[in-house]
1. So for each of 262-271, 236-245 I average, over its residues, the number of other beta carbons within 10 Å; can you give me the resulting order with the highest mean first?
2. Counting helices only, and only those DSSP H runs with n ≥ 4, report the 222 nm mean residue ellipticity of the chain as the sum of -39,500 (n - 2.57) divided by its residues, in deg cm²/dmol to the nearest 500.
3. Based on the Kirkwood radius over alpha-carbon pairs, what is the Stokes-Einstein translational diffusion coefficient of the range 190-308 at 37 °C with 0.692 mPa s viscosity, in µm²/s?
4. When we measure straight from the Cα of residue 48, which lysines land under 22 angstrom away, once same-chain ones fewer than 8 places off are left out?
5. Among the lysines in the range 247-308, how many pairs, 8 or more places apart or on different chains, have alpha carbons under 22 Å apart?
6. Counting Lys and Arg as +1 and Asp and Glu as -1, each charge on the Cβ, what is the dipole of the range 5-128 about the Cα centre in debye, to the nearest 20?
7. Inverting the mean 1/r over all pairs of different Cα atoms, compute the Kirkwood radius of the chain and quote it in Å.
8. Given +1 on the Cβ of Lys and Arg, -1 on the Cβ of Asp and Glu, and no further charges, what dipole in debye does the chain carry about its Cα centre, rounded to the nearest 20?
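Since every read-out is calculated from the coordinates, none of them should be taken as a lab result. Predicted, not measured: the structure shown is a model, and the values here were computed from it. Glycine gets a Cβ as well: all are built from the backbone with ideal geometry, and neighbour counts include every protein chain shown.
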Amino acid sequence: MKGLEVLSTGYAKINHILDNQQLEKMVDTSDEWIVSRTGIKKRHISCKNSVDLAIEAAKEAIKNIDQSKIGLIVCATMTPANRMPSNACLIQAGLNLNEQDMMCFDISAACSGFVYAMTIVNSLLKTMDDRYALIIGSEQLSSIIDYQDRNTCILFGDGAGAMVVKNSQHAFYSYQNSAGNQEVLSAKNDPQDYFLKMKGQEVFKFAIKVIPESIDQVLNQAGLTLDDIDYVICHQANYRIIKHVYKKYRCPSDKFYMNLDEYGNTSAASIPLALATMNEKGLIKKGMKLILVGFGGGLTWGATLIEW
Ligand SMILES: CC(C)(COP(=O)(O)OP(=O)(O)OC[C@H]1O[C@@H](n2cnc3c(N)ncnc32)[C@H](O)[C@@H]1OP(=O)(O)O)[C@@H](O)C(=O)NCCC(=O)NCCS
């Protein structure tokens with residue numbers, strides 16, 4: 001199946017760190033508990049909203065490309081700056097891309113948002129000749145976290161990652177699924193019940209079921225095995241979830257990239273942030289095959305198999 005070529009990546013650099021030692025002073029928890037249950041050591045917290053974080057990531061991604069070719073901006077987020085206009089329209093304005101033929105919209109699919117966005121962009125770009133798309137995952141999760149709730153505040157951080165893509169003959173396989181459910185994970189618009197709520201153990205069981213399901217789906221479509229894949233980049237929720245998956249496949253742990261010790265769970269930003277930091281480190285080379293796996297609120301889940 002025809003897919004996307006990734007032209008560039010970028011991410012927002014957030015200086016303010018909230019580490020486990022600081023959380024020990026805020027709630028009844030410990031560094032040892034958090035690291036052993038999640039693998040997370042710190043998270044980045046920003047006073048910028050998800051539009052400003054996205055613009056920072058996007059500016060880095062578009063700096064060396066022909067910006068006049070961008071015809072589509074899609075922002076995956078569950079912490080949009082406004083109900084309207086969309087983050088994507090405000091990103092367009094922030095990047096001074098108003099004077100060109102453009103479609104801009106947001107995707108709300110929680111931690112699966114970036115994977116959903118890639119599939120939508122791949123379809124849409126096929127109708128847009130040689131235009132480029134800017135895909136962004138951006139979250140200011142600190143705005144919906146209760147820092148008195150030790151069940152959730154230890155997990156989440158802020159972040160944004162961006163990617164510019166164009167049509168190509170590269171491999172592209174995708175699988176998405178969802179199951180309407182607000183009992184397990186939710187963050188409502190209700191001022192009386194505003195903060196993110198989570199049933200941790202149920203999310204854990206959900207994740208270790210749907211990640212292999214999603215990986216198997218795209219591998220089967222492609223007629224490949226995990227041996228053919230250079231990296232699997234799962235949504236960065238929890239080290240134990242990812243470990244469970246690579247053990248199930250009897251696969252070396254370094255095939256499953258992780259940066260959650262540094263960033264925590266940044267929801268829709270976690271996969272593009274991982275890709276941008278891997279790209280910056282030179283870990284991803286042309287022709288490599290990657291599987292990206294998202295899962296989270298909705299419930300939503302899915303994967304894309306891409307060729308870099
Ligand atoms: C949240 C999570 C780390 C909790 O780990 P767990 O092993 O399931 O822990 P439990 O919820 O069973 O709680 C065990 C005990 O630790 C306590 N606890 C919960 N959070 C704690 C914290 N931050 N620090 C210390 N103790 C904590 C609980 O109150 C409970 O105490 P009790 O035994 O006295 O009742 C784990 O369930 C998880 O990672 N789930 C997936 C979450 C996720 O990825 N969400 C985002 C998906 S997109």
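1. 262-271, 236-245
2. When only DSSP H runs of four or more count, the value is -9500 deg cm²/dmol.
3. Working: Rh = 14.9 Å.
This corresponds to a translational diffusion coefficient of 220 µm²/s.
4. Within reach: 13, 59, 63, 188.
5. Values: 247/255; 247/289; 248/289; 255/281; 255/285; 255/286; 255/289; 281/289.
Lysine pairs meeting both conditions in the range 247-308 amount to 8.
6. 40
7. Computed over the chain, the radius equals 19.1 Å.
8. Here the size comes out at about 520 debye.
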